[in-house]
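Here, each number is a calculation from the coordinates, and none is a lab measurement. Keep in mind it's a predicted model, so treat the numbers as computed, not measured. Cβ coordinates were reconstructed from backbone atoms using ideal geometry, including for glycine residues, and neighbour counts include every protein chain displayed.
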Amino acid sequence: MATLAQEKAGLPGSTLLDRIGNTPLVRLDRLTADLPGIHILGKAEWTNPGGSVKDRAASAIVLEALRREELCPGRRLLDATSGNTGIAYAMLGAALAFPVTLCMPSNVSPERKRILQAYGAEVVWTDPAESSDGAIRKARELAQSSDSAAQYFYADQYSNPANWRAHYNGTGVEILDQTHGRITHFVAGLGTSGTFMGVARRLKEANPAIRCISMQPDSPFHGLEGLKHMPTSIVPAIYDPALADRNLEVETESAYAMARRLARTEGLLVGISAAAAVAAALTIAEEEAAQGREATIVTVLPDAADKYLSERFWEE
């Protein structure tokens, strides 16, 4: 008689984990219509089951913790998040039957709050004035409490190498395959920095001539959810500034304007950090065109706009 596992193996369909990664590249042709030989492509990470690029890092962190038995029966996954990683943890916790506690700034969008509630995650709200750094400090406080070892597995996405390895082994490989190695520039925002670190390492190994450009907010007081202004923030342990060929700063208003532009000229509703990444990519595109060079610029679109539709900038 076949075992239950054998019977499941023969069933059609895929598991939740199977659906993470292998996201499509979307061409943003209208942005570069007046720039001959220049192409901007965005990795559509909202097609992951949790709706964002953070599904990749969260699943890698969780699977490694399960393998090492650091996340075991009786322990809760604990981490700080500005939203998307927390949603990914909550989704995985519901699917794989482990409880989740998240520390998160209380001013995240209402949509994110509702999604976390739907998944059943426990959330410890932190001071919005302290942004993601306040959430990090609270998670560290809980992790260092007297009974933390028995109660929590502290995932620590900002220090966990499984974060960037998810992109080294996944996102970077996909970009090389999807562009047939013709990528000339890579642009990504800095939050935990895992996406940029992992993809840039993989791309540089394949072709050192590929230019890797990191992007961050231009000020400590910004509206680019999920991104860090590194000079004034708690710097993630996995972040290596030497890996970037260049760093660009993007204003919040420029990201808002790009989000509206992408919606109205490309038919793409993307999140704020995605819009900021495209704004940075367009800067590179215009510079390359001015020099008479051709370029294939790839950026990461971390999520769609469904978690930001309550924001007022759409009305402007």
**Study point:** the range 146-221 shape via C-alpha gyration tensor axes, a/c threshold 1.5
**Key:** oblate
Study note, to complete from the structure: For the range 105-180, the percent of all C-alpha pairs falling in each 10 Å bin, from 0 up to the bin holding the max distance, is 16, 30, 34, 16, 4, 0
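So if I take the alpha carbon set of the range 208-268, get Rg, then get Rh from the Kirkwood formula, what is the Rg over Rh ratio? Before the final figure, lay out each step's value.
Numbers: Rg = 13.8 Å, Rh = 13.3 Å.
Here the Rg-to-Rh quotient is 1.04.
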Check your understanding: Where in the range 145-186 does the label zone of E205 land, with the point 7 angstrom along Cα→C-beta and an amide N cut-off under 17 Å?
Key -> 161-178, 181
Check your understanding: For the chain, what does -39500 (n - 2.57) per DSSP helix run (n ≥ 4), summed and divided by total residues, give at 222 nm, in deg cm²/dmol to the nearest 500?
Key -> -11000 deg cm²/dmol
Point to revise | Degrees separating the helix 84-96 axis from the principal Cα axis of the chain, which is the longest one | key: 40
Exercise for review: Return the distance in nm (one decimal) between the two label points of a simple spin-label model at S310 and S106, each offset 7 Å from Cα along Cα→Cβ.
Suggested key: 1.4
Exercise for review: Can you give me the three principal axis dimensions of the range 54-154 from its C-alpha atoms, in Å, biggest first?
Suggested key: 36, 29, 20
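Can you give the Rg/Rh ratio of the range 23-72, where Rg is from the C-alpha atoms and Rh is the Kirkwood radius? Please report the intermediate quantities before stating the final value.
Numbers: Rg = 17.4 Å, Rh = 13.3 Å.
Over the Cα atoms of the range 23-72, Rg/Rh equals 1.30.
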**Study point:** Nearest-ten-degree value, helix 194-206 long axis tilted from longest Cα axis of the chain
**Key:** 60
Practice item. Kindly provide log₁₀ I(q)/I(0) values, in the same order as q = 0.19, 0.25, 0.28 Å⁻¹, from the Debye equation applied to equal alpha-carbon scatterers of the range 242-316. Key: -0.81, -1.19, -1.35
Exercise for review: Would you list, by chain and number, the aspartates and glutamates whose Cα falls below 15 Å from the Cα of K204, excluding same-chain residues fewer than 8 positions away?
Suggested key: E174, D177, D240, D245
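Could the peptides 250-260, 26-36, 229-239 be put in order, highest first, of the mean number of other beta-carbon atoms found within 10 Å of their residues? Intermediate results must be reported in sequence, preceding the final value.
Details: 250-260: 19.8, 26-36: 14.5, 229-239: 16.7.
Answer by packing, highest mean first, reads 250-260, 229-239, 26-36.
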**Study point:** Reference-scaled alpha-carbon Rg (2.2 N^0.38 Å with N residues) for the range 70-124
**Key:** 1.04
Review point. Using unit Cβ charges (K, R positive; D, E negative) and no other charged atoms, how large, in debye to the nearest 20, is the dipole of the chain about its Cα centre?
Key: 580
Review point. Can you list the residues, at least 5 places off or on another chain, whose amide H is less than 5 Å from the amide H of V250, using H built in the peptide plane?
Key: Q216, D218
Check your understanding: How far, in degrees from 0 to 90, does helix 54-67 lean away from the longest principal axis of the Cα atoms of the chain, to the nearest 10?
Key -> 30
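What number results when the radius of gyration of the range 185-316, computed over Cα atoms, is divided by 2.2 N^0.38 Å?
Values: Rg = 14.6 Å, N = 132, 2.2 N^0.38 = 14.1 Å.
In units of the 2.2 N^0.38 Å rule of thumb, it is 1.04.
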Point to revise | Scattering curve values for the chain, log₁₀ I(q)/I(0), Debye with Cα scatterers, q = 0.09 Å⁻¹ | key: -0.44
Review point. Among 52-60, 171-179, 290-298, what's the highest-first ranking by average C-beta atoms within 10 angstrom per residue?
Key: 52-60, 171-179, 290-298
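How do C72, C212, C103 rank when sorted from fewest to most other Cβ atoms within 10 Å of their own Cβ? Numbers along the way, then the final one.
Values: C72 11, C212 19, C103 24.
Lowest to highest Cβ neighbour count: C72, C212, C103.
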